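Report on the following structure.
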Amino acid sequence: TYLTASAIGKHLSMFSDKPCLFLTRYAFDNFCKNGIGRKDGQFLIPKEIGDRIEKQLSKKSTFAAGEAELGIPDGAWAGQEIIRVTINDIPNLRMASGNEVGANKYWMPGGYLPNGLPEAVCDQIPLDKVSMNPFTPSD
């Protein structure tokens, strides 16, 4: 309730062109049989930011830089195959409340990660509404 409808609309408009997320192959194989994300909300970033992160990571040997940018605890994804998921049809895009199970100690109100990257959430995404691009940084 601290943001105006106009501010929320402007923020969410950044996610209109195929937003994305990154996850580990382990998470996909073990938790995404019925769709991508939790039923209470999946965090997303705008396409342009996903493009930039993926380009930067293709030049690095680890995903540590990606963890830092995405608000993932240090080392949580070390040595794992990473999958970029692009959402082609967004179910119920909205601002994060901080009550989502995926919110961690880095979550803060206002729709931005601590480093200034915008984020939003949506409902669990059916697998037929996404495209995926796996890559493996070499730790």
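The values are calculated or read from the model by the stated rules, or taken from the named source; none is laboratory data. The shown structure was predicted, so the numbers you read here are calculated from the model rather than taken from an experiment. When we count neighbours, we look across all protein chains shown, and the Cβ atoms used for this are built from the backbone with ideal geometry, even at glycine. Each accessible area value is taken on the protein alone, full model and side chains, heavy atoms only, with ligands, DNA and RNA left out. Shrake-Rupley method; radii C 1.70, N 1.55, O 1.52, S 1.80 Å.
Got a sec to turn the phi values of the stretch 22-31 into Karplus ³J(HN,Hα) couplings, 6.51 cos²θ - 1.76 cosθ + 1.60 with θ = phi - 60°, whole Hz, x for Gly and Pro?
Values, residue by residue: 10, 8, 8, 4, 4, 4, 4, 5, 9, 10 Hz.
I'd like the carbon and sulfur percentage of the solvent accessible area for the stretch 1-123, probe radius 1.4 Å, heavy atoms only, ligands and nucleic acids excluded.
54
Just reorder Leu70, Leu44 by solvent-accessible area, largest first, 1.4 Å probe, all chains present.
Leu70, Leu44
Express in nm, to one decimal, how much length is gained between Met132 and Glu48 on full extension, taking 0.36 nm for each residue of separation and deducting their alpha carbon distance.
Length gained between Met132 and Glu48: 28.7 nm.
Relative to the present Cα-Cα distance, how much length would full extension add between Thr86 and Asn30 at 0.36 nm per residue of separation?
Here the answer is 18.3 nm.
Find the percent of Cα-Cα distances in the chain that exceed 27 Å, and round it to a whole number.
Numbers: 1318 of 9591 pairs.
Of all Cα-Cα distances in the chain, 14 percent exceed 27 Å.
How high is the FRET efficiency between Asp17 and Ala76 when r is their beta carbon distance and R₀ equals 35 Å, given to the nearest 0.05? Could the numbers behind the result be given before it?
Numbers: r = 28 Å, r/R0 = 0.81.
Rounded to the nearest 0.05, the efficiency is 0.80.
Could you go through the stretch 102-107 in sequence order and give the Karplus-derived ³J(HN,Hα) for each residue, using 6.51 cos²θ - 1.76 cosθ + 1.60 with θ = phi - 60°, rounded to whole Hz, and x for Gly and Pro?
x, 5, 10, 5, 8, 5
Can you give the extra length, in nm with one decimal, that the chain gains between Gln56 and Ser97 once fully stretched, where that is 0.36 nm per residue apart less the Cα-Cα distance?
So the chain would gain 11.8 nm between Gln56 and Ser97.
Between Ala5 and Met108, what FRET efficiency follows from the Cβ-Cβ distance if R0 is 22 Å, with the result rounded to 0.05?
0.60
What number, in percent, do you get for the relative contact order of the chain if the mean sequence gap of Cα pairs under 8 Å and at least 6 apart is divided by its residue count? Write out the running numbers ahead of the final one.
Values: 235 pairs, mean separation 49.6, N = 139.
So the answer I get is 36 percent.
Can you compute 3J(HN,Hα) from phi for each residue in the stretch 111-128, using the Karplus curve 6.51 cos²θ - 1.76 cosθ + 1.60 with θ = phi - 60°, rounded to whole Hz and x for Gly and Pro?
Along the stretch 111-128, the couplings run x, 9, 6, x, 8, x, 6, x, 9, 8, 10, 9, 5, 3, 9, x, 4, 7 Hz.
Per residue, what accessible area does the chain have, given a 1.4 Å probe and all protein chains present, in Å²?
54
Could you tally the net charge around Met14, taking each other residue with its Cβ under 12 Å from the Cβ of Met14, Lys/Arg +1 and Asp/Glu -1? Walk me through the numbers before you get to the answer.
Numbers: positive: Lys10, Lys18, Lys47; negative: Asp17, Glu48, Glu119.
My count for the surroundings of Met14 gives 0.
Past 21 Å, Cα to Cα: identify those pairs from Lys18/Lys105; Lys55/Lys105; Lys39/Lys129, in the order given.
Numbers: Lys18/Lys105 27 Å; Lys55/Lys105 27 Å; Lys39/Lys129 15 Å.
Going by Cα-Cα distance, Lys18/Lys105; Lys55/Lys105 fall outside the 21 Å limit.
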